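Novice: Please find one structure pasted underneath; my questions will follow.
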Amino acid sequence: MRYNVFGRTGHTVSALGFGAMNLPNVSLEQAKEALNYALDHGINYIDTAAGYRNSEEIIGESISHRRGEYFLATKTNQREYAKAKEEIERSLKRMKTDYVDLLQIHYVNKPQEFKLAMAEDGAYQAALEAKREGKVRFIGITGHRPDLLACWIEPGQFDQVLFHLSLVQTFALNELIPAANRLGMGKVAMKPLSGGFVQPVEKALRYTYSQDVHTMISGMVSVEEVKQNLKALETEVEAEERSELESLAAKLSEHNCRRCNYCSCPIEIPIPDMMISSVIRRELGLLPRGQAFYEKHKSKIVSCADYEPCKEKPLCEEKCPYHLPMQRTIQQTAAALV
Ligand code: SF4
Ligand code: SF4
């Protein structure tokens with residue numbers, strides 16, 4: 001596995017980062033083993049968030065005694081100064097540490113949210129204050145709209161940016177990564193498997209690994225998964241393989257969905273997951289997690305065609321900033337499911 005200098009932070013980070021979002025789904029014992037195995041085998045970037053249930057506490061319980069061995073990144077979902085300040089303090093306490101290496105303003109997808117976070121009484125000021133106090137070393141931002149992120153980082157107030165980059169979501173390559181490069185920022189890709197939909201797993205990991213990012217956050221919950229991730233990255237991606245992966249990515253990201261979640265369906269059809277998995281489902285089939293997803297939501301998916309308020313004009317499509325044909329995609333999927 002490669003190591004990269006993490007933009008202007010100057011830290012050297014492993015190209016594979018440990019995504020701790022799903023650790024609350026497993027026993028503390030299993031989480032401890034996975035985290036310690038990852039540190040023992042060269043992973044030195046740990047990513048969590050205040051909003052990932054008790055993930056921060058699990059990190060505190062499992063690896064706070066090894067604090068010097070990893071770059072610790074967390075996030076605040078708060079937009080207001082006071083709430084963010086409180087949340088930063090809580091994160092430190094939960095992770096049993098005096099400082100985090102990176103505090104990211106989490107999941108900023110709409111201009112109004114960005115404005116709130118950057119206002120004089122916004123979350124960014126709380127992050128800056130924590131930085132002055134030595135509780136936060138660097139400040140970053142995360143979001144699901146690479147086009148907006150590319151504009152927002154331009155003034156240079158962030159040290160890092162976290163975005164989707166996978167076989168099914170390549171949009172960060174257009175404007176965001178070049179902008180982050182110009183600014184000397186740390187670049188972090190998330191969800192190489194897009195929440196478990198993308199396969200083959202090894203190709204999915206190697207695609208993101210082959211891109212111009214410093215580290216990719218892969219969600220892992222067991223020693224087995226850490227081993228699988230590390231094994232996929234044992235060798236570098238050479239030109240021929242890269243070109244194959246690029247062609248596959250161009251095909252699988254044809255759906256064009258950024259997972260911005262602007263759309264919401266009154267009958268709760270999970271539109272972003274369906275859009276993102278639509279091409280992979282058709283072309284390659286699904287992994288067990290993907291199959292379980294479709295089984296779980298089948299009755300809702302099928303009822304899209306009969307939902308009266310959307311017959312004239314689909315409610316979801318009015319909200320999509322990219323004008324995607326969600327109704328058609330969902331109804332085509334429904335036809336294949338019955
Ligand atoms: S068109 Fe279908 S998916 Fe879109 S809002 Fe209506 S019912 Fe939901
Ligand atoms: S379908 Fe459109 S609105 Fe919904 S998540 Fe995808 S890009 Fe966003």
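None of the figures in this text is laboratory data; all of them are computed from the coordinates on show. As the structure is a computational prediction, the values presented were derived from the model and not from experiment. Neighbour counts run over all protein chains shown; Cβ positions are idealised from the backbone, glycine included.
Novice: Please report Val237, Val221 as a ranked list, fewest other C-beta atoms within 10 angstrom at the top and most at the bottom.
Specialist: Going from least to most buried by this count: Val237, Val221.
Novice: Also, I was wondering about something else. Could you rank the peptides 39-50, 261-272 by their average count of other C-beta atoms within 10 Å per residue, with the highest value first?
Specialist: Listed from highest to lowest mean packing, they are 39-50, 261-272.
Novice: Still on this model: For the chain, what does -39500 (n - 2.57) per DSSP helix run (n ≥ 4), summed and divided by total residues, give at 222 nm, in deg cm²/dmol to the nearest 500?
Specialist: The helix-only estimate for the chain comes to -13000 deg cm²/dmol at 222 nm.
Novice: Report the dimensions of the chain along its three principal axes from the alpha-carbon atoms, largest first, rounded to Å.
Specialist: 56, 46, 41
Novice: When the dipole is taken about the Cα centre of the chain, and only Lys, Arg (+1) and Asp, Glu (-1) are charged at their Cβ, what size is it in debye, to the nearest 20?
Specialist: It comes to approximately 360 debye.
Novice: Using alpha carbon centroids, what distance separates segment 198-215 and segment 250-318, in Å?
Specialist: Their Cα centres are 24 Å away from one another.
Novice: By residue number, which cysteines of the chain lack any other Cys whose Cβ falls under 4.7 Å from their Cβ?
Specialist: Result for the chain is Cys151, Cys257, Cys260, Cys265, Cys304, Cys310, Cys320, no neighbouring Cys Cβ within the cutoff.
Novice: Rank these for me by crowding, Arg67, Arg182, going from fewest to most other beta carbons within 10 Å.
Specialist: Ordered by Cβ neighbours within 10 Å, fewest first: Arg182, Arg67.
Novice: Sticking with this structure for a sec: Work out Dmax and Rg for segment 271-337 from the C-alpha atoms and quote the Rg first, both in angstrom.
Specialist: 12.1, 36
Novice: With the chain treated as a Gaussian network of Cα nodes joined by springs under 10 Å, which of Leu193, Leu72, Leu148 yields the largest mean-square fluctuation?
Specialist: Leu148
Novice: Oh, and also: Write down the percent of antiparallel bridges among all DSSP beta bridges whose residues are both part of segment 3-245, to the nearest 5.
Specialist: About 15 percent, rounded to the nearest 5.
Novice: Still on this structure, please answer the following. Which pairs, out of Lys298/Lys319; Lys110/Lys231; Lys191/Lys251; Lys32/Lys300; Lys115/Lys187, put more than 26 Å between their alpha-carbon atoms?
Specialist: Over 26 Å Cα-Cα: Lys110/Lys231; Lys32/Lys300.
Novice: Now a separate question. Could you work out the local net charge near Gly186, counting Lys and Arg as +1, Asp and Glu as -1, over the other residues with Cβ closer than 13 Å to its Cβ?
Specialist: For residues surrounding Gly186, the net value is -1.
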